[in-house]
């Protein structure tokens, strides 16, 4: 603080007094509690501003495109190819969602083929077999708002009730 001029120190002191007089958090009993709560509030505010400001437009658009693809809204082409021979092994086109299953070393592709009709494909990956996913058409995506999809059925799943009276034996 020694590098600051007298006017700067005075301005900071006046601003601190205004903050001190304007902010009351809870019902603290001591001046030290008031000061600590203010520091915590300012720190939380700075962290929120920092975290919120760190997301670029490209990150937001990328997240929104991924969400749209998971909702079967984006047409894709998935090509499996042999990296040694450069041969295409398989090509899948449509409104498809992909999931990499590293434990089983495979690519799981789920495609929507009708209103309520889906197909699932399991594609094995190896050292020389890889894949490419291409978006076939441009899609509008909002770069300012992250898209969140809420599905109540995932919280309250379909339950199939099977009792002994349903058995034919």
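Please treat every number below as a calculation from the coordinates, not as lab data. Quick caveat: nothing in here was measured; it's all calculated off a predicted structure. Every residue, glycine as well, gets a Cβ built from its backbone with ideal geometry; the counts of neighbours run over all protein chains shown.
Details
- Pair residue 118, residue 70: separation of 7 Å Cα→Cβ label points (nm): 1.3
- Global geometry of segment 58-150, whether rounded, prolate or oblate, following the gyration tensor of its Cα atoms and the 1.5 cut on a/c: prolate
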